[in-house]
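Data first, discussion second: the structure below is written as structure tokens.
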Amino acid sequence: MNIGKIIISAVLIGIAMSIISFGIVGPIAKAINPGYDIMKIAGMRNASDPIMLLFFLQPFVLGLAFSIIFSFHGNAMPGLEFHKKGIKFGLAAWMLYTLPSVFLVYSSMDYGETFLLSALFGQLLGFCAAGIIAAWVFARK
């Protein structure tokens, strides 16, 4: 386990997932549904609540978990170029994490289609980017 690569990968993944979530998927969701605001969904804390900082740290926590798991299992796909390995790893993680989560939200909560679609496609993009970043960091000497 290379702690330095795990930390670098986690930080880069956190930055990328934040950009994808708040800079790409959020504005697209708002353009499709102008009334959509994730901060106004029932059950969300007020944005000024100090505990909400943890909401914005979530991409970095996810990046750390992703990087640790990749450090153990990234070599399970020998011979692939780093971007192909990253996409495969990201798709596998997306299927294990996002699909069951979105199913649970759809089946038990009334969050609306915009939330569900932005979670599905935003996390698909984010997890593939995370996989590529992790594969790139761990492929470097």
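The values are calculated or read from the model by the stated rules, or taken from the named source; none is laboratory data. Everything numeric in this text was worked out from a predicted model, so none of it was measured. Cβ atoms come from the backbone with ideal geometry, glycine included; neighbour counts cover every protein chain shown.
Of note:
- In the range 49-65 there is at least one residue that is more than 21 Å from the chain's Cα centre (by Cα) and not hydrophobic (A, V, I, L, M, F, W, C).
- Condition met for ALA130 (buried (at least 19 other Cβ atoms within 10 Å of the Cβ), out of contact with any Lys or Arg (no Cβ under 7 Å at 6 or more places or on another chain) and either among the hydrophobic types (A, V, I, L, M, F, W, C) or part of a helix (DSSP H, G or I) (or both)): yes
- Within the range 1-44, considering residues that are of a type in the set (S, T, N, Q) and either without any contact (Cβ under 8 Å) to a residue 40 or more places away in the chain or buried (at least 16 other Cβ atoms within 10 Å of the Cβ) (or both), the one farthest from LEU125 (Cα to Cα): SER9
- Residue check, GLY74 surrounded by 15 or more Cβ atoms within 10 Å (Cβ to Cβ) and either closer than 19 Å to SER21 by Cα or at pLDDT 95 or above (or both): no
- Given (1) surrounded by 14 or more Cβ atoms within 10 Å (Cβ to Cβ); (2) farther than 19 Å from VAL11 by Cα; (3) not small (Gly, Ala, Ser), index of the condition MET109 fails: (1)
- Of the helices (runs of 4 or more DSSP H) contained entirely in the range 12-124, those carrying at least 3 residues that are under 16 Å from ALA135 (Cβ atoms) and in contact with a Gly (Cβ under 7 Å, 6 or more places away or on another chain) fall at 82-108.
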